[in-house]
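In what follows, a single structure is set out as C-alpha cells and then discussed.
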Amino acid sequence: MKKILFPTDFSEAANKAFIYALKLADKTGAKITTLHVFKKPTISAHHMPSTLEKFFESFDWYEFESYKRALPPLREIAEKNNLGHVEMVHVMREGEKLVDTILEVAEEDEADVIVISTTGAEGLKEIFLGSNAGEVLEHAPIPVLTVPEDAEFDGQINKIAFTTTYKEEEKLALKKLLAWREWFDFELFVINVDTAHIEFHNKKMDQFKEAFEGEEKMNFVVLDGTDMFKVLTNYLDEQHIDILGMTTHKRNFIQELFEYSRTKFLSYHSKVPILSFLADSLK
C-alpha cells in the first residue's frame, strides 16, 4: 500500500476517520492525500456577467481561505497521535458531484484505498441508505474503508470478519484482504448466517474454505439463528471485531448480501468500520 485517499469536509466525523487514515499510513508506510471538494453556488441568470465574475472570484477566495484555516487542525490531530511524521499532501478540488470527484482524484492519484467517514451514531445508515459514502462504496474500483463516527481505533487490527454467500468473487476479495497481513497480524473470521437451519450451509462453507487451505488464523463459521442481523452483529460484538469486510456491487448490495430488512440491521450495530471490495473490479 503506497497511497491513501482521504476525502474530508473537516467535520468531527471526518476527523475521527482521519485517525484511521493516519494509523493505516503509519503501519503501511503510505502517503495520505487529503481531498476537500467544493461546489460553486448556482447563480440566477439575471446577474450581469461582470457581477457574476466578481462573485465567483470572491467565492473562490473565500473557499481557499476556509481551506487554509482547516488544514492546521489536521496537522494537530496527527501530532497529538504521534503521527506527525506521516507524509501528507492536501488537495482542494471544485466538483459538481462529490462522489465523481472523489473517484476521479483516486484514479489520478493512483490511490490504493479510500478512507471515508460516515456521520451520526448510526454510521451504517449513512452507507446503506444512499449517502455519499455509500455511493463511493458501490462505485470505487479500489477498497474503501468507511468509518462510523463512533468508531475508535487503537492502531491495531486484531480481528477482521468477512461476510460470505460462497461466491467466487468473495474468494478473490478474501485473497486481497489477506495481503493486509503484511502490515497487520489479524485473525480472520469468514461468516455466513444460516436462517434456514439446514446442513447445506455447512457443506458450502466446507467447500468454500478449500480455497484457503494452509492459511493460518482463518475461521470459517456458520452462524445459526432466525434473525440474521441480530446474530451477525452479536457475533461481531462478542468477537471484538475491528473491521467488517464484504464485497459490494453497483446496486443495492445490502439486499443482495442479506436479503433482509436494512433498517433492522442498522438498529443493531453501528460502530464497526466496513472494508468493501467492488465485485466488478476483482480479478
Residue check for GLU63: at pLDDT below 60, part of a helix (DSSP H, G or I), at negative phi and surrounded by 13 or more Cβ atoms within 10 Å (Cβ to Cβ): yes
Complete set of residues in region 210-219 that are over 19 Å from ASP185 (Cβ atoms) and either assigned to a strand (DSSP E or B) or among the charged types (D, E, K, R) (or both): GLU210, GLU213
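Conditions (1) touching a Ser or Thr at 6+ places or on another chain (Cβ under 9 Å); (2) at pLDDT below 80, marked per residue:
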residue: LYS3; (1), (2): yes, no
residue: THR51; (1), (2): no, yes
residue: ARG93; (1), (2): yes, no
residue: ASP100; (1), (2): no, no
I'd like to verify a number: residues in region 67-118 that are of a type in the set (A, V, I, L, M), over 14 Å from TYR20 (Cα atoms) and part of a helix (DSSP H, G or I), how many? 8
So which residues in region 154-168 are of a type outside the set (Val, Ile, Thr) and surrounded by 17 or more Cβ atoms within 10 Å (Cβ to Cβ)? LYS159, ALA161, PHE162
Is there a residue being assigned to a helix (DSSP H, G or I), without any contact (Cβ under 8 Å) to a residue 12 or more places away in the chain, among the basic types (Lys, Arg) and under 26 Å from LYS2 (Cβ atoms) anywhere in region 196-205? no
Keeping to region 233-252, report how many residues are in a helix (DSSP H, G or I) and closer than 26 Å to VAL113 by Cα. 3
For region 146-168 the number of residues that are hydrophobic (A, V, I, L, M, F, W, C) and modelled with pLDDT under 90 is 3
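The values are calculated or read from the model by the stated rules, or taken from the named source; none is laboratory data. Every value quoted in this text rests on a predicted model; they were computed, and no experiment measured them. Heads up, the Cβs are rebuilt from the backbone with ideal geometry, glycines too, and the neighbour counts pull from every protein chain shown.
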